[in-house]
Amino acid sequence: MREKVQAVLETIRPHLQRDGGDVELVDVSTDGVVTVRLTGACKGCPMSQVTLKNAVEKTILKELPEITSVQAA
């Protein structure tokens, strides 16, 4: 599962990098919770939670319905 999540993150990464940010996979739990770390410009951005929910989580859940949620590390 970790490889599948990483593959989806690779599709999101260029959009974040365009604005100076990035996303790093921290963990995928057995109950389907993905933990990621936003880095670069995303790390201190006041909109980081919006990015996490509307971009990262939405994309992962669309591509991998077995994932239940995405959270920040």
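Observations on the model:
- Rolling a 1.4 Å probe over the protein heavy atoms gives the chain an accessible area of 60 Å² per residue.
- Taking amide H atoms as placed 1.01 Å from N in the peptide plane, the amide H of Val23 lies under 5 Å from those of Thr39, each 5 or more residues away in sequence or on another chain.
- Near-label residues of segment 1-34 by backbone N, under 11 Å of a point 7 Å along Cα→Cβ of Lys62: 12
- Rounded to the nearest 500, the helix-only mean residue ellipticity at 222 nm of the chain stands at -10500 deg cm²/dmol, with each DSSP H run of n ≥ 4 adding -39,500 (n - 2.57).
- Multiplying the residue separation of Asp19 and Ala55 by 0.36 nm and subtracting their alpha-carbon distance yields 11.6 nm.
- Angle between the chain longest axis and helix 2-18 axis [Cα atoms, degrees, rounded to 10]: 20
- Calculated SAXS-style log₁₀ I(q)/I(0) at q = 0.11, 0.13, 0.16, 0.17 Å⁻¹ - the chain, Debye, Cα scatterers: -0.22, -0.31, -0.47, -0.53
- Note on the chain: with neighbouring protein chains present and a 1.4 Å probe, carbon and sulfur make up 53 percent of its accessible heavy-atom surface.
- The heavy atoms of Met47 offer some 110 square angstrom of accessible surface to a 1.4 angstrom probe.
The values are calculated or read from the model by the stated rules, or taken from the named source; none is laboratory data. Everything numeric in this text was worked out from a predicted model, so none of it was measured. All Cβ positions, even for glycine, are placed from backbone atoms using ideal geometry, and neighbour counts span all protein chains on display. Calculation scope for accessible area: heavy atoms of the full protein, side chains included, ligands and nucleic acids excluded. Shrake-Rupley method; radii C 1.70, N 1.55, O 1.52, S 1.80 Å.
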